[in-house]
Structures are given as structure tokens and as C-alpha cells.
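Reviewing the structure listed below.
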Amino acid sequence: MREWLYPPILVGLLGMCVTLPADVTIECVTVGNPGNAGELSGVGAGGMGPDRVCGAVKYEYEIGKFEVTAAQYTAFLNAVAAADPHGLYNPQMSLHAEGCRIRHTGEAGSYRYAVAAEWAQRPVNFVSWGDAARFANWLHNGQPTGPQDSKTTEDGSYQLNGAKDNAALLRIKRRPKATWVIPSEDEWYKAAFHKNDGVTGNYWNYATAADALPSNKLQAPDPGNSANFQPKDGGPTLGPPYWRTPVGAFENSKSSYGTCDQGGNVWEWIEAVHRQQGQTRRGARGASYYTQGQHLRANDRHFGLEPATEHHLVGFRVGHLQARDGGVAAVEP
């Protein structure tokens, strides 16, 4: 496990809005056992969505232990979104009843952003796939401060160059020397479900290192095998106003590699492009606080969105690749 490069964010007291510095810590876990076998996911595995063998990864990598939080995204906005020509901020973050409570003040060219402290450590939402890619580029470039250009958000792990619409975002691919990334489906799936038992094809049904449906109860201490979702015959883990649990709240319900909340809380963007029933979309994995338990299962591949979509049920986490083979990071199809 590594904490990469940067000092931690400090948040204010409950009930306050706090403006955060642009120093973001992404705590990562290492996903080892390179060369492991994958397994079938989708309809053919008893789930939903197009069939694909998922989870085989040839290299060691890191992935965020937690989903990207509203606090981390606020720091990103304060670094690069004084003018925000690419729409990294969605006003629904503040206005929507289930938004992440990031608000902005000022005028274009001098916008500032703050997050309500009691939402700061909950996952960000209302972010598009393009927003997630720009956040990854910003990390890749060393968290610079400045306008949204090739030195901050538009180049790095992904060459975006102003891409915002669905067609343009569907064409974006990971660059060979990428470091911080949106996880590929295989990277995401392995971190969530693989049993971390060597170079095997052994996987859990759920990202809580369990084959049985998790509980959705938030208890202290966490008894294990728990997640934030809404059972078919029960209420949500949390109701209004929070809905989303702080990242890592289910401290004893980690995956076998040590990730938290890969089942429930928010759907998470992945790099995958889904082609199904005449539609081409970016994939998302893991289900949300609103979805039922079957969507937390490893065999569920049904969910994808147009990549410019910004939705209250969708957030993301990031991965990190080490340069290798002459400085070229791993790239998957």
C-alpha cells in the first residue's frame, strides 16, 4: 500500500464549508499476482450485459483504495477551474438533493470552490467520464495550478484536447506512458473480485471478499461483508440528506486486495467501451446506493453511459501504473 506523493487534505469542522488546497493524497493498494486468469462476466455467467472474460492483468499495478471524494475533487477544481471552459463543475453538485455539496462562487475566470465538510469524505458525483479523465491527467502532470490546457487537464494519461461530447470522448484511449488512469475493466474487476491467491482464476461474487449477498446495514464496528446499496425488500443504507457513506466506512468489508466500496456507494467509471443493442457507451462498475444487490455481483456488466453524462449515482476511482519496459506503462485493449 502506498500514499502517493502528496500531503493529506485537511477538512474543516462539521457544518462548515471549506475551501481545500490543491494537494491531494490518493491512497492506493497494490494489486499483484500478474498474469492471473480471468473469468466470464455477463449474461453467459448468469448476470447481465455483454459477455466478456474479465480480470486477467499481466502486470502489477496500484488502484485507489477509495473512490475519489468530494474534497479531492474540490481541490482539483480550485487548481484548474477558475474559468472552467470544459465544465468540470456541474451546478447540480450543489443544487440537486443528492448532490455532493460542492459549490462555487465568483465569476468565470475567478471561480472558487468549497465543499460542505460533512460531505467532504463522501464520493464525488455528477462527474462525466471526461471529468474523470481530466482528473487523472491532472494527477499525471503533478497537480499543477493553471488553466485547463495541455499542462494541466488536456494531455497526460489521455490526450483530450478539449474533447467534451460523447463521440469525442468515446475515441479517447489511454496513452502508452500513462501513470494515473481511469481503471480498465480488467484492472477494476481484478481489484474488486480476485481472491488474491496467486496466479489463479479464482474470484469472489462480491467486492467484499464474499460469495454471499452483503448486508446494507452501517454498523460500528463493521461486521464485514457490508455495502451501501438498497435491497429489493428494504430501505437504503442512508436516507437523505447524505445517501452516500464516507469512503471506507465499511472498514471490515474490503476486497481481497484491500479496496473499499467497489460494491455500492456510487457506480464507478471504467475505461471500457460497451457496444450493445446498437449503442456505444463507456462502462461503469460496482452499483450505487440506490441499486439492488444483484448489480453488485461480479457477473453484472449491464451498466454503461454516454461518457458526457453527469449523474448523481456515478463517481469514479483512479488507478496508478508504474512505468516499465523502457518507460512505457501497460496499455490494455
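Quick notes
- Size of the stretch 100-210 as Cα extents on the principal axes (Å, biggest first): 53, 38, 27
- Across q = 0.12, 0.13, 0.22 Å⁻¹, the stretch 183-295 modelled as identical point scatterers on its alpha-carbon atoms has Debye log10 I(q)/I(0) values of -0.42, -0.49, -1.21, in the order of the q list.
- The residues of the stretch 18-69 have, on average, 36 Å² of accessible surface per residue, using a 1.4 Å probe with all protein chains present.
- Rolling a 1.4 angstrom probe over the protein heavy atoms with all chains in place gives the stretch 91-140 an accessible area of 32 Å² per residue.
- Charge-dipole axis of the stretch 102-254 as Lys and Arg at +1 and Asp and Glu at -1 on Cβ define it, positive-most pick from Ala207, Ala108, Trp138: Ala108
- Peptide ranges 63-72, 95-104 listed from the most packed, as the mean C-beta count within 10 angstrom indicates: 63-72, 95-104
- By accessible area with a 1.4 Å probe, ligands and nucleic acids excluded, highest first: order of Asp261, Asp211: Asp211, Asp261
- Think of the chain as having a plus end and a minus end, set by charges on the Cβ of Lys, Arg, Asp and Glu; of Asn36, Ser256, Gly235, Asn36 sits farthest toward the positive end of this dipole.
- Spin-label zone in the stretch 47-61 - amide nitrogen under 19 Å from a point set 7 Å from the Cα of Val199 along the C-beta vector: 54-61
- Ligands, DNA and RNA excluded, the heavy atoms of Glu185 present near 10 Å² of accessible surface to a 1.4 Å solvent probe.
- Only lysine pairs 8 or more places apart, or on different chains, with alpha-carbon atoms under 25 angstrom apart are counted in the chain, and they number 24.
- In the complete set of protein chains, residue-level accessible area for Trp188 is approximately 0 Å², probe 1.4 angstrom.
- What you get for the stretch 156-298, charging only the Cβ of Lys and Arg (+1) and of Asp and Glu (-1), is a dipole of about 600 debye around the Cα centre.
- Inter-site label distance for Tyr242 and Gln292 at 7 Å from Cα along Cβ, in nm: 2.7
- Rounded percent of accessible protein surface that carbon and sulfur make up, the chain, 1.4 Å probe: 52
The values are calculated or read from the model by the stated rules, or taken from the named source; none is laboratory data. Since this is a predicted model, take the numbers as computed values, not measurements. Heads up, the Cβs are rebuilt from the backbone with ideal geometry, glycines too, and the neighbour counts pull from every protein chain shown. In case anyone asks, the SASA skips ligands and DNA or RNA and just uses the protein heavy atoms, side chains included. Shrake-Rupley method; radii C 1.70, N 1.55, O 1.52, S 1.80 Å.
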